[in-house]
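Contents: one structure, followed by commentary.
Since every read-out is calculated from the coordinates, none of them should be taken as a lab result. What you see is a predicted model; the values in this text were computed from it and never measured. Here the Cβ positions follow ideal geometry from the backbone for every residue, glycine too, while neighbour counts run over all protein chains shown.
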Amino acid sequence: MTRVVQALIAINVAVAFIGATIVQDSVLQSLFAFRQGPVAETWWSAFTYMFLHAGLLHLAFNMYTLWIFGPRLEHVWGSRSFVLFYLWCGIGGAVAHAIFGGLAPMIGASAAIYGVMLAYAIHWPKEEIYFFGVLPMRVMTMVGIFLGLDLLRGLSGGTGVAYFAHLGGAAFGFLYLKKPQHVSIDQLR
């Protein structure tokens, strides 16, 4: 387990514990969930929403997925680059939710997780994983299925799940990965 992945999991579990024991979950969500509004009053929620979850299953799925895909990326990129990528993808989820998701508040690390899954699939597309622990599948195929299902479910609307935020996290992750790595002065000329 790498340092940043371990820290992200610990923060998410700690926030869930606080929401279950010390402060009511609804209070945490009213303070830290991403919601639309004047940017001066809500900008910080584009970061904080990633650390709140709608129950134990939501938290477990996101953290398990981060545990599966995150360490290898962090090892290759380094801790600083990985955490910046993770946060960038989370912000992408907030942007997509603000544009396409309606007025409902949003919580969960799923947008950042989708970005991490996509990055893993781009780096190691032929790597096999056991889908639901039994069905061998290439990572790129699995991520493609997840993205396609989220697009269909998002277009059908009305479920209370921020499907467009998932897609926004993946889209921002894709844009991040496709940007020029280093632009030299000769390239600018």
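Table for the structure above
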quantity	calculated
Per-residue [θ]222 nm for the chain (sum of -39500 (n - 2.57) over DSSP H runs n ≥ 4, rounded to 500)	-22000 deg cm²/dmol
Backbone HN-Hα couplings from phi across the range 58-75 [Karplus 6.51/-1.76/1.60, Hz, Gly and Pro as x]	4, 4, 4, 5, 5, 6, 5, 5, 4, 5, 6, 9, x, x, 5, 5, 4, 4
Where labels lie 7 Å past Cα in the beta-carbon direction, separation of Leu135 and Leu155 in nm	2.1
Dipole of the chain, positive end: most advanced residue of Val5, Phe85, Ile113 [Cβ charges, Cα centre]	Phe85
Normalised contact order of the range 84-189, rounded percent, pairs of Cα under 8 Å and 6 or more residues apart	41
Sorted peptide list for 31-43, 111-123, criterion being average Cβ within 10 angstrom, highest first	111-123, 31-43
Residues of the range 55-78 with amide N under 19 Å of the 7 Å Cα→Cβ point at Ile145	61-62, 64-66, 68-69
Ratio of Rg to Rh over the range 53-184 (Cα coordinates, Kirkwood Rh, two decimals)	0.96
